[in-house]
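Contents: one structure, followed by commentary.
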Amino acid sequence: MQATILAGLDRKEAEIYRRLDPARLPQHIAIIMDGNGRWAKRRHLPRVAGHRAGVASVRSTVETAARVKIPALTLYAFSEENWKKRPRSEVDFLMGLLCRYLKQEVPTLNKNNIRLEYIGRQHELPATVQAKMEWARQATAHNTGMVLTLALNYSARTELVDAFRAIAQAAARNGGLEHMQLDEDEVSRHLYTRHLPDPDLVIRTSGEMRLSNFLLWQLAYAEIHIIPTLWPEFRGVHLLEAIAEYQKRERRYGGLVDAPDHHLPKAARS
Ligand code: FPP
């Protein structure tokens, strides 16, 4: 198994992968892809050139994640706010780029056993884009390997509003909230990400220190990895470096790990 994985990686990737503990891989990695515009600006190119270059980064990241057997990868491709803040021509370009990506990439996704899913308000996207998305989803639905989720027209706050609305409707059908078991699991079951575990690791490129309305509920205990690399320069090797860094961290989930007893209040000592 290890040998097969190593054979699929390039030299730099293999070097990092050899140092990883395959038993402690993050089960879900989420990425905020940022810096396309700045990458283009530095080269005196139009912003859209950065998005076009960003597709190669998506390809490399998805392939490496699948090769090293990451069960789930979620990419923040297009926020709900992106619609309002970008010129129409850039939005149209991004939509076209997405459609071309889906058309070109489905055979590779199938070859790599990757299943495609989406989160976000899909119904607000142009009908032609929705149709292409649905086609790609169905064309990869039989795959049993990594789940690749694209966040498109996504906003975490909107997701929570949609979840609360669905919970309220369920409560009304069931004779009121007091007849429902409303706990964290029930909220999670109403999120767009109900098909996924919460991310263990979130990566943001281009050095910005923000979550930008991405998976606010689901990232509660995620390890955060921020790198200065702009998205069009991000490759599989950066993903593996992020995983190596993640494996050095001590995850506490709000508790104390290996904390000596004398640091606890007397009543809590074992
Ligand atoms: C952020 O860069 C990036 C985006 C809004 C779009 C992400 C899209 C891609 C990577 C390509 C297409 C994606 C798929 C899945 C095919 P920015 O423009 O906000 O960069 P800036 O902060 O430097 O201006």
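The values are calculated or read from the model by the stated rules, or taken from the named source; none is laboratory data. Here the structure is a predicted model, which is why all the values come from computation and not from measurement. Cβ: placed from backbone, ideal geometry, glycine included. Neighbour counts: every protein chain shown. Protein only, heavy atoms only, side chains kept; ligands, DNA and RNA dropped before computing areas. Shrake-Rupley method; radii C 1.70, N 1.55, O 1.52, S 1.80 Å.
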Point to revise | Matching residues in region 206-242 - criterion: being in contact with a strand residue (DSSP E or B) (Cβ under 7 Å, 6 or more places away or on another chain) and open to solvent by less than 20 Å² (accessible area, probe 1.4 Å) | key: PHE214, LEU215, LEU219, ALA222, ALA242
Review point. Taking region 51-67 as the search range and keeping residues that are more than 12 Å from the ligand (Cβ to nearest atom) and hydrophobic (A, V, I, L, M, F, W, C), which one is surrounded by the most Cβ atoms within 10 Å (Cβ to Cβ)?
Key: ALA65
Study note, to complete from the structure: Within region 68-85, the residues that are at pLDDT 95 or above and surrounded by fewer than 18 Cβ atoms within 10 Å (Cβ to Cβ) are LYS69, PRO71
Review point. Considering only region 24-50, how many residues are open to solvent by 80 Å² or more (accessible area, probe 1.4 Å) and either under 19 Å from the mean Cα position of the chain (by Cα) or at pLDDT below 95 (or both)?
Key: 2
Exercise for review: Name the single residue, out of those in region 102-117 being open to solvent by 20 Å² or more (accessible area, probe 1.4 Å) and in contact (Cβ under 8 Å) with a residue 40 or more places away in the chain, that is farthest from PRO46 (Cα to Cα).
Suggested key: ASN113
Point to revise | Hits in region 51-101 (condition: part of a helix (DSSP H, G or I), within 17 Å of the chain's Cα centre (by Cα) and aliphatic (A, V, I, L, M)) | key: VAL55, ALA56, VAL58, VAL62, ALA65, ALA66, LEU98
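A quick yes/no check of all residues on (1) within 14 Å of the ligand (Cβ to nearest atom); (2) of a type in the set (Val, Ile, Thr):
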| position | (1), (2) |
| --- | --- |
| ILE203 | yes, yes |
| GLU208 | yes, no |
| ASN213 | yes, no |
| HIS225 | no, no |
| THR229 | yes, yes |
| ARG235 | yes, no |
| GLU245 | no, no |
Exercise for review: Hey, could you check region 86-101 for residues that are more than 9 Å from the ligand (Cβ to nearest atom) and either charged (D, E, K, R) or in contact with a Gly (Cβ under 8 Å, 6 or more places away or on another chain) (or both) and say which is most open to solvent (accessible area, probe 1.4 Å)?
Suggested key: ARG88
